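These notes concern the structure reproduced below.
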Amino acid sequence: QVQLGESGGGLVQAGGSLTLSCTDSGRTISSYAVGWFRQAPGKERELCAAISRSGARTYFADSVKGRFTISRDNAKSTVYLQMNSLKPEDTAVYYCAAKYQVYATSYSLNSRSYDYWGQGTQVTVSS
């Protein structure tokens with residue numbers, strides 16, 4: 001089964017970079033599409049990026065496009081979110097989630113369709 005844990009969050013100045021990691025302790029993540037979501041105080045949960053189970057297809061929200069990169073290393077059971085040129089509005093709790101039984105080249109944009117979630121990691125960007 002999938003058991004997700006995020007790491008890599010922290011405090012960074014605007015314009016800086018962070019890399020978040022999502023590791024599956026169950027080591028079955030290669031069979032799942034993965035999404036990175038974030039939720040800022042007082043705001044709805046937002047999908048930042050998603051990646052198909054093979055890594056062949058990716059998605060980025062307009063708010064992060066060109067600044068964030070999603071990648072995966074299935075051999076390490078890990079999905080990464082590289083965040084560059086960070087802005088204060090990127091401040092949020094970031095979650096990774098896995099979608100069960102999807103096509104190898106597909107992903108989901110709907111948070112309710114994801115089956116497994118990590119505990120979240122806080123990212124704070126100072127101005």
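The values are calculated or read from the model by the stated rules, or taken from the named source; none is laboratory data. On a predicted model such as this, the values are computed, not experimentally measured, just so you know. All Cβ positions, even for glycine, are placed from backbone atoms using ideal geometry, and neighbour counts span all protein chains on display. For the accessible areas, the whole protein counts, side chains as well, though only heavy atoms, and no ligand, DNA or RNA atoms are used. Shrake-Rupley method; radii C 1.70, N 1.55, O 1.52, S 1.80 Å.
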Out of the residues in region 72-97 that are of a type in the set (D, E, K, R) and not in a loop (DSSP other than H, G, I, E, B), state the one that is least open to solvent (accessible area, probe 1.4 Å).
Asp90
Within region 32-71, how many residues turn out to be outside any loop (DSSP other than H, G, I, E, B) and out of contact with any Phe, Trp or Tyr (no Cβ under 7 Å at 6 or more places or on another chain)?
4
Checked pairs for region 42-60, first more than 9 Å from Thr105 (Cα to Cα) and touching a residue at least 24 places away in the same chain (Cβ under 8 Å), second open to solvent by 60 Å² or more (accessible area, probe 1.4 Å) and of a type in the set (A, V, I, L, M), C-beta under 8 Å and 6 or more apart or across chains, list as Leu47/Leu109; Ala50/Leu109; Tyr59/Leu109
Can you name every residue in region 98-127 that is loosely packed, with under 12 Cβ neighbours inside 10 Å and modelled with pLDDT of 90 or more?
Leu109, Asn110, Arg112, Gln119, Ser126, Ser127
Can you pull out the residues in region 86-124 that are hydrophobic (A, V, I, L, M, F, W, C) and within 18 Å of Asp62 (Cβ to Cβ)?
Leu86, Ala92, Leu109
For region 2-41, how many residues meet the condition of being out of contact with any Ser or Thr (no Cβ under 8 Å at 6 or more places or on another chain), surrounded by 21 or more Cβ atoms within 10 Å (Cβ to Cβ) and modelled with pLDDT under 95?
1
